[in-house]
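Values quoted throughout were computed directly from the atomic coordinates according to the rules given, and no laboratory measurement underlies them. Worth saying up front: this structure is predicted, and the values here are computed from it rather than measured. Heads up, the Cβs are rebuilt from the backbone with ideal geometry, glycines too, and the neighbour counts pull from every protein chain shown.
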Amino acid sequence: MYEHNNPFLIGNFAPWREEGDETDLLVEGEIPPDLNGSLYRIGPNPYFPPRGRYHWFDGDGMVHAITIRERRASYRNRYVKTEGLAEEMKAGKALYGGLINPSSEAKGPMPFKNAANTNIIGYANRLLALYEAGLPHELQPVTLETIGTFNFCGRLNGPMTAHPKIDPGTGELLFFGYQPFPPFVTYHRASAVGELIESRPIDTGLPVMMHDFVVTRDHVVFFVCPSVFRIENLSKGLPMIAWEPQHGTRIGVMKRGGGEICWFDSEACFIFHFLNGYEDGNRVIIDACRSTSIDMSGNNFGPNPPVPHRFTIDLSSGDVNLEQTDERSAEFPRINERFAGLRHRYGYFASGPVFQNGKNFFRNTIKLDYQTARSEVQELGAGMFPTEPVFAQRPGRSGETDGYILTVWYDEAKNTSEVTIQDAANFSAMPQARVKLSHRIPFGFHGNWVQENL
Ligand SMILES: [Fe+2]
């Protein structure tokens with residue numbers, strides 16, 4: 001059954017199923033000579049017509065790599081060949097259900113696949129495709145061939161968030177995994193070379209969906225938003241993740257070196273993504289894209305789009321101050337990762353109407369200056385829809401705006417995509433280069449720039 005009216009299967013949300021390679025892409029403008037590496041992006045791309053009602057989070061992961069070397073660009077895209085997808089390819093049809101209708105005709109115990117569709121990172125000389133309900137998949141960085149699941153030499157035996165943080169000082173990877181049964185959350189720390197060093201259960205009290213977390217120089221912060229697993233809802237035809245605002249949002253702050261977790265209370269909200277967090281004396285400052293509710297029915301993202309907010313947590317008094325930092329809806333927040341966990345001045349977001357009947361997505365990208373409260377906008381005109389703006393650092397430079405913003409845009413009129421390269425220090429100027437693809441890249445989730453030495 002193909003749902004022709006499902007908003008996540010039409011327009012530029014529809015899958016692009018062809019795997020291919022393109023060299024010497026058409027470039028308008030000039031690619032900067034110090035930009036050499038690959039922009040990897042990943043998103044859901046169902047290989048077969050879905051079994052039952054499709055949710056955007058269900059589709060099989062497809063990786064798109066735009067590789068830049070000596071001012072020239074090439075492109076390659078491949079499916080992540082997960083075990084679940086391999087089973088389905090053998091059967092010639094979808095065997096697994098998804099978030100709305102977990103079910104399976106396959107042999108394994110799971111009612112859905114590890115779709116490997118959410119984020120893709122370079123870590124410990126590996127390229128990893130991430131999915132929060134399962135293990136990472138390792139890919140060959142040039143061919144994009146799937147090597148298999150990566151489990152830290154057998155030490156990780158639970159799921160791993162798609163939003164781990166790399167400490168810019170030590171190169172350590174900090175992450176968590178969550179599940180609907182105790183321990184609901186487990187915190188993990190791995191070395192820069194891929195050894196799992198620490199795993200610690202976190203008692204959140206509620207089985208919630210937790211997509212992202214915050215790491216500062218000294219603390220790890222978990223937001224327990226009231227998006228609660230109610231597995232029993234499935235038998236009533238309701239989403240298994242229920243919105244229960246009566247619980248409020250609880251914020252757990254833990255010292256990175258160990259010790260008790262301290263809990264703070266805030267109004268009920270849902271947060272998919274955090275921009276960053278840092279310490280200011282005895283306060284923890286956290287910037288996030290905050291919604292007042294969430295709708296997991298799969299139709300859209302709910303009536304309340306995410307808006308940038310700042311949480312200031314006073315560790316002495318226990319007060320949590322909440323401040324709206326922009327009036328526009330904005331998501332997919334990114335910083336220069338050299339400032340991860342440290343005081344940042346700038347944040348980059350995709351902004352504008354978030355979702356309209358599968359046709360549109362974001363309208364522009366914005367750069368917020370938290371010091372002056374000013375902002376800059378990048379727009380490419382009507383019919384051009386951006387995705388997450390990714391920061392690529394300039395080699396050998398350490399300033400917060402020493403880098404380029406790389407964004408994949410969808411050109412509705414041509415039904416193709418392009419990648420823009422902008423100077424992060426001059427955000428509202430026209431892009432320095434526009435790299436044109438011969439086909440579209442479906443609106444996906446996340447990506448990262450990996451310098452050519454991976
Ligand atoms: Fe995400």
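Shown in residue order for region 28-40 are the 3J(HN,Hα) couplings computed by the Karplus curve 6.51 cos²θ - 1.76 cosθ + 1.60 at θ = phi - 60°: 8, x, 10, 6, x, x, 8, 9, 9, x, 10, 8, 9 Hz (x for Gly and Pro). Based on DSSP H segments of at least four residues, each scored -39500 (n - 2.57), the chain has a per-residue ellipticity at 222 nm of -500 deg cm²/dmol.
Name the shape class, rounded, prolate or oblate, that the alpha-carbon gyration tensor gives for region 102-195, where a ≥ b ≥ c are the square roots of its eigenvalues, rounded holds for a/c under 1.5, and otherwise prolate holds if a/b is larger than b/c and oblate otherwise. It is oblate, given that a/c is not under 1.5 and a/b is not larger than b/c.
Run down the aspartates and glutamates and flag those whose C-alpha is under 14 Å from the C-alpha of LYS255, throwing out any fewer than 8 positions away in its chain. The qualifying aspartates and glutamates are GLU198, ASP218, GLU279.
Count Lys and Arg as plus one, Asp and Glu as minus one, and take only other residues whose Cβ is under 14 Å from that of THR416; the net charge is then -2. Loop-resident GluC sites (Glu not before Pro) (DSSP state other than H, G, I, E or B) in region 1-92 with no more than 13 further Cβ atoms inside 10 Å of their Cβ: GLU18, GLU19, GLU30, GLU70. Tell me whether region 325-454 comes out rounded, prolate or oblate; compute the Cα gyration tensor, take square roots of the eigenvalues as a ≥ b ≥ c, and use a/c under 1.5 as the rounded threshold. Because a/c hits 1.5 or more and a/b fails to exceed b/c, region 325-454 counts as oblate. Ranked by how many other Cβ atoms sit within 10 Å of their own Cβ, fewest first, the residues ASP369, ASP295, ASP60, ASP24 fall in the order ASP24, ASP369, ASP295, ASP60. Among the GluC sites (Glu not before Pro) found in region 376-418, those both in a DSSP coil and sparsely packed, with 16 or fewer other Cβ atoms within 10 Å of their Cβ, are GLU379, GLU412. For ASN114, the amide hydrogen comes within under 5 Å of the amide hydrogens of GLY84, counting only partners 5 or more places away or on other chains and with H modelled in the peptide plane. Among the lysines, select those whose C-alpha is under 20 Å from the C-alpha of LYS107, and discard any that sit fewer than 8 residues away in the same chain. In chain and number order, the partners are LYS81, LYS90, LYS93. Neighbour counts of other Cβ atoms within 10 Å put TYR123, TYR47 in the fewest-to-most order TYR47, TYR123. For MET160, MET89, the sequence from fewest to most other C-beta atoms within 10 Å is MET89, MET160. Which chymotrypsin sites (Phe, Trp or Tyr not before Pro) in region 128-161 pass both tests, a DSSP loop state and at most 15 other beta-carbon atoms within 10 Å? Those that pass, being in a loop and sparsely packed, number zero.
Would you list which lysines come within 23 Å of LYS236, measuring only between C-alpha atoms, while excluding same-chain residues fewer than 8 positions from it? In chain and number order, the partners are LYS113. For the chain, the calculated P(r) over all alpha carbon pairs, in 20 Å bins from 0 to the bin holding the longest distance, is 26, 62, 12 percent.
Mind running the shape call on region 328-404? Use the C-alpha gyration tensor, a ≥ b ≥ c as the square roots of the eigenvalues: rounded below 1.5 for a/c, prolate if a/b tops b/c, oblate otherwise. Verdict is prolate for region 328-404.
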